[in-house]
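We did not get these values from a lab; they are worked out from the coordinates using the rules stated. Note that this is a predicted model, so its numbers are computed, not measured. Counting neighbours? That spans all protein chains shown, and the Cβs are built from the backbone with ideal geometry, glycine included.
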Amino acid sequence: MVNPQMVMYEEEFNQIQVLCDKLVRESNSRTVFIVDKNGQLISASGEVENVDTTSLASLTAGNVAATGGMAKLLREEEFATQFHEGVKANVHIQLVGNRVILVVIFDARSSLGLVRLRVKKSADELNQIFEKLLRKVAEPGLDSPFAEITDEDIDNLFNE
Amino acid sequence: MSFINYLSREINCKIVYYGPGLCGKTTNLHFIYTKTNPEAKGKMISLATETERTLFFDFLPLSLGEIRGFKTRFHLYTVPGQVFYDASRKLILKGVDGVVFVADSQIERMEANGESLENLRLNLAEQGYSLDKLPYVVQYNKRDLPNVASKEELHGLLNPTGVPEYEAVAPTGVGVFDTLKAVAKLVLTELKRGG
């Protein structure tokens, strides 16, 4: 299989959500979200109601991919951290385990120093959760939920 | 790389529209965007130059409905077609689940089509993918223009493996949804196989 699936189970999802909620609180930030490197949103916490998280996830992944491309050209392994400073909002982007991206959006109520400190701690925990998840996905006997679907199911999707 | 979330019962897949500069990749996405119900789509994002040439990518998230209780979501991306943006094209192909190759039917663009297709094969191979194993469809766009090659010629040049192919006029939508449905169906069929 060239293209392994990313699968998210309830147990790990809940752990990730708890971690995001905690990071929002401890870093005094507005929003925290976790994106996989291909731009799929995994989890979000904080003020997410008025934020287009799907678009943000895709753009973040594009940003990290472009920065990774730059690193490669400069013979660097990666640039794991990025920081964008705005007038009202700042964005801290951290690549975790070269697998997922931890994004923190914060304003004047917090500071870069605090965010960096809390992100570092959360990144280690997050990495452990994803390592566990990947081991679980690699276990034999876990079939794709789609193994059961029929050609008819697929056809029906397009006939509606 | 598809992403299955058991908790929210969602499956997310990535489809990339590839092809030479000005073949109509962005126009395909635009048409899909304008003709899709608001509840089934997200915002379309275009990272383009001031002259509206794609600089990095276009992005359109789309929901296609449910299969066995799982919501199917497709993230559509285009690549920048211009030759010198190759580094960006490689990045966008990462984690791809299905590819649409949009060819420009005009005779004078045959060389550009061939080069772009070769570039697609190379860039996929660099990441360990093979175009022959991926869900993949071809679209012959701009069929309304006067100076176009015949479908047979295009087929011979661009589709030797005989994947599903569609004639299209992207600005008016001819063939646009047929192409999308075909690739989405192939992606889901691949998932069914556990790919």
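Taking only Cα atoms and a 10 Å spring cutoff, compute GNM fluctuations for chain B and point out the largest among B:Phe59, B:Phe84, B:Phe74.
So, out of B:Phe59, B:Phe84, B:Phe74, the one fluctuating most is B:Phe84.
What's the angle, to the nearest 10 degrees (0 to 90), between helix B:110-126's Cα axis and the longest principal axis of chain B?
So the inclination is approximately 40 degrees.
If I fit a long axis through the Cα atoms of helix A:10-26 and take the longest principal axis of the Cα atoms of chain A, what angle between them do I get, 0 to 90°, rounded to 10?
10
Tell me, what are the semi-axes, in whole angstrom and largest first, of the equivalent ellipsoid of the protein assembly as shown as set by the roots of 5 times the Cα gyration tensor eigenvalues?
35, 23, 19
Positive end of the charge dipole of region A:90-160 (Lys, Arg +1 and Asp, Glu -1 on Cβ, about the Cα centre): tell me which of A:Thr150, A:Pro140, A:Asn127 has its Cα farthest that way.
Of the candidates, A:Asn127 comes out farthest on the positive side.
Given an 8 Å cut-off on Cα distances and at least 6 residues of separation, report the relative contact order of region B:114-183 as a percent.
Computed value for region B:114-183: 33 percent relative contact order.
If you place +1 on the Cβ of every Lys and Arg, -1 on the Cβ of every Asp and Glu, and leave all else neutral, what size is the dipole of region B:11-80 about its Cα centre, to the nearest 20 Debye?
My answer is approximately 260 debye.
Taking the Cα centre as origin and putting +1 on Lys and Arg beta-carbons and -1 on Asp and Glu beta-carbons, what dipole magnitude results for the protein assembly as shown, to the nearest 20 debye?
920
When only Cα pairs under 8 Å and 6 or more residues apart are kept, what is the percent relative contact order across chain B?
About 23 percent, as a whole number.
Which of the GluC sites (Glu not before Pro) found in region B:41-136 are in a DSSP loop and have at most 13 neighbouring Cβ atoms, other than their own, within 10 Å?
Here the GluC sites (Glu not before Pro) that fit, given the DSSP loop and packing criteria, are B:Glu50, B:Glu52.
How far apart, in nanometres, would the label points at B:Leu7 and B:Glu126 be if each is projected 7 angstrom from Cα along the Cα-to-Cβ direction?
Inter-label distance under the simple model: 3.6 nm.
Taking Cα atoms, how many degrees apart are the long axis of helix A:53-73 and the longest axis of chain A, rounded to 10 and kept between 0 and 90?
In chain A, helix A:53-73 runs at an angle near 80 degrees to the longest axis.
Do the sum for chain B: with -39,500 (n - 2.57) for every DSSP H run of n ≥ 4, divided by all residues, what is the mean residue ellipticity at 222 nm, to the nearest 500 deg cm²/dmol?
-10000 deg cm²/dmol
Along Cα→Cβ, 7 Å out, is where each label goes; now give me the distance between the ones at A:Asn98 and B:Thr189 in nm to one decimal.
Once both label points are built, they end up 3.5 nm from each other.
Which value at 222 nm does chain A reach when only helices count, each DSSP H run of 4 or more adding -39,500 (n - 2.57), with the total divided by all residues and rounded to the nearest 500 deg cm²/dmol?
Value at 222 nm, helices only, nearest 500: -15500 deg cm²/dmol.
From the phi of every residue in region A:129-138, what ³J(HN,Hα) in whole Hz does the Karplus formula 6.51 cos²θ - 1.76 cosθ + 1.60 yield, where θ is phi - 60° and glycine or proline is x?
Result, ordered by residue: 4, 5, 5, 5, 4, 5, 5, 5, 5, 6 Hz.
Quick one: if you stick a label point 7 Å off each Cα along the C-beta vector at A:Lys72 and A:Asn28, how many nm between them?
It works out to 4.0 nm between the two label points.
May I ask you to compute the full-extension gain from A:Asp124 to A:Phe83, defined as 0.36 nm times their residue separation minus their alpha-carbon distance, rounded to one decimal in nm?
12.9 nm
Can you find, among A:Thr81, A:Gln94, A:Leu117, the residue sitting farthest towards the positive end of the charge dipole of region A:60-124, where Lys and Arg contribute +1 and Asp and Glu -1 at Cβ?
With unit charges placed on the Cβ atoms, the residue in question is A:Leu117.
Taking Cα centroids, how far is region A:7-77 from region B:108-138 in Å?
Comparing the Cα centres of region A:7-77 and region B:108-138, I get a distance of 30 Å.
Name the residues whose placed amide hydrogens come within less than 5 Å of the amide hydrogen of B:Gln139, ignoring near sequence neighbours (fewer than 5 apart) on the same chain.
B:Phe101, B:Val102, B:Ala103, B:Tyr166
So how strong a dipole does region B:51-195 carry about its Cα centre when Lys and Arg Cβ are +1 and Asp and Glu Cβ are -1, to the nearest 20 debye?
Rounded to the nearest 20 debye, it is 740 debye.
Which residues does a label at A:Arg109 reach in region A:20-59, if reach means a backbone N under 15 Å from a point 7 Å past the Cα toward the Cβ?
In region A:20-59, the label zone of A:Arg109 (backbone N under 15 Å from the point 7 Å along Cα→Cβ) covers A:21-32, A:45-50.
Farthest toward the dipole's positive end in chain B, which of B:Gly128, B:Val138, B:Asn37, given Cβ charges of +1 (Lys, Arg) and -1 (Asp, Glu) about the Cα centre?
B:Asn37
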